[in-house]
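The structure appears right after this line, and notes come after that.
The values are calculated or read from the model by the stated rules, or taken from the named source; none is laboratory data. Predicted, not measured: the structure shown is a model, and the values here were computed from it. FYI the Cβ positions are ideal-geometry reconstructions off the backbone, even for glycines, and counts take in every protein chain you see. Side chains are part of the model used for accessible areas, which takes the heavy atoms of the whole protein and leaves out ligands, DNA and RNA. Shrake-Rupley method; radii C 1.70, N 1.55, O 1.52, S 1.80 Å.
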Amino acid sequence: MSVTVLVGSQWGDEGKGKIVDILSEKFKIVARYQGGANAGHTVEIGDKKYVLHLIPSGILREDVTCVIGNGVVIDPVALLEEIELLEKNNIKVDGRLFISHNAHLIMPYHKLLDSISESGAVKIGTTGRGIGPCYIDKYARKGIRIVDLLNRKKLEEKIRENLKEKNALVKKVFDHEELNVDDIINQYVEFDKKIEKYIKDTPTFLNEKIDEGESVLLEGAQGALLDVDHGTYPFVTSSSPTSGGACTGTGIPPTRINSVVGIVKAYVTRVGYGPFPTELLDADGEKLRQDGFEFGATTGRPRRCGWYDAFLERYSAMINGIDSVAITKLDVLSGFEKIKVCVGYELNGNALKSFPSDVDTLDHVVPVYETLDGWNTDISSCLSYESLPVKAKEYLNFIAKKSKIKIDIISVGPKREQTFFVKGI
Ligand code: GDP
Ligand code: IMO
Ligand code: MG
């Protein structure tokens, strides 16, 4: 049985939630490996629309078990809200969701620091969910973990210790009102009752299940270009969305991973600040935003939109080791008379050989475009490659060739049924 990693290959919001839902029909377990409630993964089934922030999108298939891995940072308030919402929709979570004992907890001071540090010189445009400050504490070895919820005395000590430092920072550096220690303690000591039943040694659980021959899908959040190491630093998130992060974030070793699926939007979007070479600030960008309903699933912010970038995708495929790709939102390109595809970058008139690793260079690159003919037909009910307009097929073949990717899945709408498999374009 297989262990597959599913990664966002651009700047997030590629449609990972939808494709996890499609693929999880064939998997027994779906596990998230990084990020937190900064993610917003949308799945549309019938007339219902679910936006999942922390719980893997596999939860919507009743025979799938879900795991929140050790690499994820968990806001207990957001988690309990999400569980409640699912249960209200008759989706059973109890017994189907396990949370790593080693995952770190997002605390109220993480969220506060996330928002007030955005008032500094470098604005990232974070989601404000406390992600960066929580990972800072994890790596500074000051973090509070899920397992700490099970020892109230130790939890209280840890919160008091952290608050001493955080309140000094909040007051002295940011000139902001301090947080009340007792309020936070009173709130957090109560979480054990509600969360204990989900806590598990998930690395052992996952490896034992793989030993038993069960298949596991590892669901990435965000996207490769938001990776703290390989993305457009500092305009990144604070975790490792690339496929390598799936190993550390779950405890499944690289020798047990069989394949990597990349989720690729048929154009590119980005939320927040940072370089975006193919960004469109004109009517074409607005058409993509409106037709693709490009508004953040977590914050509601309008997403920045631009043409497909094959140069970026080649880099992403390399860093992630992508074996096959799902192309999403192809339907959104319908109605463009001409569609541009970026096939390379130039800097001072010279073609770059590889994707630049620093944002100053990226800010100055000039995308090299090739222009393709569009198609004027609605393709949202096409359910096979053969039924697509010739120009749409040409577009797919062109981006596959220029990005050096193999396309196995095509998505032409947000719903489950608006998806079909192809034999490797
Ligand atoms: P994720 O974060 O990668 O899971 O993606 P989001 O859920 O944030 O954003 C993707 C959006 O596009 C959601 O609203 C999906 O319902 C929608 N979507 C996914 N695939 C398609 C598609 O093929 N066509 C269209 N029109 N919408 C899609
Ligand atoms: P999914 O999983 C798109 C972006 C934020 C910001 C940067 C850092 O739905 O694809 P953070 O709050 O993580 O510290 O913000 O990363 N960002 C996302 N953009 N999709 C996401 O998740 C994102 N999660 C974070 O907009 O630019
Ligand atoms: Mg999203």
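Report the Cα centroid-to-centroid distance between the range 74-139 and the range 307-332 in angstrom, as an integer. Here the answer is 28 Å between Cα centres. Derived value for the range 17-78: Kirkwood hydrodynamic radius 11.8 Å. Basis is the mean of 1/r over every pair of different alpha-carbon atoms.
Using a 10 angstrom cutoff on alpha carbons, build the Gaussian network for the chain and name the most mobile of LEU362, LEU54, LEU226. Comparing LEU362, LEU54, LEU226 in a Gaussian network model of the chain, the most mobile one is LEU362.
Between helix 76-88 and the chain there is an angle of about 70 degrees, using the helix long axis and the longest principal axis of the Cα atoms. Taking 0.36 nm per residue of separation and subtracting the current Cα-Cα distance, fully stretching the chain between GLU196 and PHE293 would add 31.1 nm. From the alpha carbon centroid of the range 357-420 to that of the range 225-285 is 18 Å. Given 0.36 nm per residue, what is the gain on full extension from LYS48 to VAL93 after removing their alpha carbon distance, in nm? Answer, rounded to one decimal: 14.4 nm. Heavy-atom accessible surface of the range 264-421, averaged per residue, reaches 44 Å², computed with a 1.4 Å probe.
In the range 150-240, the ratio of gyration radius to Kirkwood radius, Rg to Rh, stands at 1.12 when only Cα atoms are counted. In order along the range 57-69, phi translates into HN-Hα couplings of 5, x, 4, 7, 10, 5, 9, 9, 9, 10, 10, 9, x Hz, rounded to whole numbers, per the Karplus curve 6.51 cos²θ - 1.76 cosθ + 1.60 with θ = phi - 60° and x for Gly and Pro. Measure off, as a whole percent, the carbon and sulfur share of the 1.4 Å-probe accessible area of the chain, all protein chains present. Taking all protein chains in place, the chain shows 50 percent carbon and sulfur surface. At the listed q of 0.10, 0.21, 0.23 Å⁻¹, the Debye profile of the range 105-214, built from one uniform point per Cα, gives log10 I(q)/I(0) equal to -0.37, -1.16, -1.29.
If R0 is 56 Å, the Cβ-Cβ spacing of ARG160 and SER387 corresponds to a FRET efficiency of close to 0.30.
Between LYS153 and ALA140, residue separation times 0.36 nm minus the direct Cα-Cα distance comes to 2.5 nm.
Computed over Cα pairs, the Kirkwood radius of the range 320-366 leads via Stokes-Einstein (1.002 mPa s, 20 °C) to a diffusion coefficient of 156 µm² per second. Taking a quarter of the surface of the Cα convex hull of the range 1-45 gives a mean projected area of 3.6 nm². When the chain is described by a simple charge dipole with +1 on each Lys and Arg Cβ and -1 on each Asp and Glu Cβ, the residue from SER259, LEU362, PRO414 located farthest towards its positive end is SER259.
Provide the percentage of antiparallel DSSP beta bridges, counting only those with both residues in the chain; round to the nearest 5.
Numbers: 24 of 60 bridges.
Taking every DSSP beta bridge within the chain, about 40 percent pair in antiparallel fashion.
Each Cα pair under 8 Å and six or more residues apart adds its separation to the average, and for the chain the resulting relative contact order is 20 percent. If every alpha-carbon in the chain counts as one equal scatterer, what log10 I(q)/I(0) does Debye give at q = 0.06, 0.07, 0.14, 0.15 1/Å? Summing over Cα pairs of the chain leads to -0.24, -0.33, -1.28, -1.43. Using the structure shown, select from LYS401/LYS423; LYS166/LYS194; LYS18/LYS138; LYS49/LYS391; LYS16/LYS200 the pairs with a Cα to Cα distance greater than 20 angstrom. Among LYS401/LYS423; LYS166/LYS194; LYS18/LYS138; LYS49/LYS391; LYS16/LYS200, the Cα-Cα distance tops 20 Å for LYS166/LYS194; LYS18/LYS138; LYS49/LYS391; LYS16/LYS200.
Computed over the Cα atoms of the range 264-421, pair by distinct pair, the Kirkwood hydrodynamic radius stands at 16.2 angstrom. The spread of Cα positions in the range 231-353, taken along each principal axis and listed from longest to shortest, comes to 47, 39, 28 Å. Each residue of the range 277-287 is assigned a 3J(HN,Hα), and the resulting list reads x, 9, 4, 10, 9, 10, 5, 5, x, 5, 5 Hz, derived from the Karplus form 6.51 cos²θ - 1.76 cosθ + 1.60 (θ = phi - 60°), x at Gly and Pro. Checking every one of the trypsin sites (Lys or Arg not before Pro) in the range 146-225 against DSSP loop status and a limit of 13 other Cβ atoms within 10 Å picks out no site at all. Give the residue from LEU105, SER380, VAL51 lying farthest towards the positive end of the charge dipole for the chain; charges sit on Cβ (+1 for Lys and Arg, -1 for Asp and Glu) and the dipole is referred to the Cα centre. Sorting the options by dipole projection puts first LEU105. Could you run the Debye sum over the Cα atoms of the range 118-181, one equal point scatterer each and no solvent, and tell me log10 of I(q)/I(0) at q = 0.28, 0.29 Å⁻¹, two decimals? The Cα Debye sum returns log10 ratios of -1.31, -1.31. Probing with 1.4 Å while keeping every protein chain in the model, the per residue accessible area of the range 29-109 equals 31 Å².
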